[in-house]
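Each value in this text was obtained by applying a stated rule to the coordinates, not by laboratory testing. Remember, it's a predicted structure, so these values are computed and weren't measured experimentally. Ideal geometry is used to build each Cβ from the backbone, glycine not excepted, and the neighbour counts take in all protein chains shown.
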Amino acid sequence: MLSSYLTLAAILFCIGLYGALVKRNAVVVLLSIELMLNAVNLNLVAFSKYGAVPALSGQVFTLFTIAVSAAEAAVGIAVLIALFRARGTVNVDEFDEMRR
Amino acid sequence: MFNVPLTGEFVAFFVLSVIIISGAVLMVSFAKVIHMVVSLAAVFIGIAGMFILLNADFLAFVQVLIYAGAVSILMIFGIMMTKHQDAEAEKGRPSHEALAAVGALALFGILFYAIRQTEFPVSQPAQLVEDSALEIGKLLFTGYVVPFELVSVVLTVAFIGAIVLAKKEAD
């Protein structure tokens, strides 16, 4: 049963990775990152039940991940809104100041 | 995977994984950003169901509250406050997309091979705790006090920083 959960999380992580690499809209890139974080959470909770040493620590780590990813989403959206005011676009391939 | 007995847990796992994977695939393939957020909310709710399946009911509530509620609404705010009408206007990067797809598939292949090869030590699944919220609370205030307090500091700093960043320049 553990390997089923791990496989599902791997599928989810790879879909999120593909979205983060391909999409141009920065909001969608943030959404894909949330997808990858959710895959990690699923792994942590699965190990906290079916792992070699089942314990509640996995669930506590999941709580920390959720808190940090909520903070990341808030800061990411704020940066995005500030960038949109400055540049008038949200396409990630047009933010290229540091290349020039 | 096919020698798993057809128990209720397996059926629930199957249904929830169909919801999760189809939501994720739809998120990648939709053209409009709002539709992407809605299908991602389906993924989040499916993962909450998975948490219930794994005896983590407190985490399931947290998942619904934070992800399906707060993060989705935040993303919708972000979409509404930026330009979103020209949804994926030009699709002029086929080589880039193919390269990303090959990379993601290769990563999945490696992960799947590793999962298949690893011998996970068989142990009894953790016995049900009576009240997982109570147990997590005890753990948070004994073993994990310092990380817990650091998380509160991180949240405060992040939200103040978000307000400062998103505020209009007062000129």
Gaussian network model of chain B, Cα springs within a sub-10 Å range: biggest mean-square fluctuation belongs to which of B:LEU155, B:LEU54, B:LEU16?
B:LEU155
Using Cα pairs under 8 angstrom and six or more residues apart, how large is the relative contact order of segment A:17-61, in percent?
24 percent
Given a cut-off of under 8 Å on Cα pairs at least six residues apart, what relative contact order in percent is computed for chain B?
16 percent
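Given the C-alpha atoms of segment A:22-71, compute the convex hull and give its volume per residue in Å³.
Normalising the Cα hull of segment A:22-71 by residue number yields 57 Å³.
Shielding by partners for B:93-99, please: the mean number of other protein chain Cβ atoms within 10 Å of each residue's Cβ.
2
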Order the peptides A:69-77, A:23-31, B:18-26 from the highest to the lowest mean number of other Cβ atoms within 10 Å of their residues.
A:23-31, A:69-77, B:18-26
Please report, for the Cα atoms of chain A, the Rg to one decimal and the Dmax as a whole number; what are they, in angstrom?
16.8, 51
Of every Cα-Cα pair in chain B, the percentage lying beyond 21 Å is 69 percent
Directionally averaged shadow of the protein assembly as shown, computed from the convex hull of its alpha-carbon atoms, nm²:
16.6 nm²
GluC sites (Glu not before Pro) in segment B:131-171 lying in a DSSP loop, each with at most 10 other Cβ atoms within 10 Å of its Cβ, come to B:GLU169
Residues in segment A:38-67 that a label on A:VAL92 would reach, taking backbone N under 18 Å of a point 7 Å out along Cα→Cβ
A:38-40
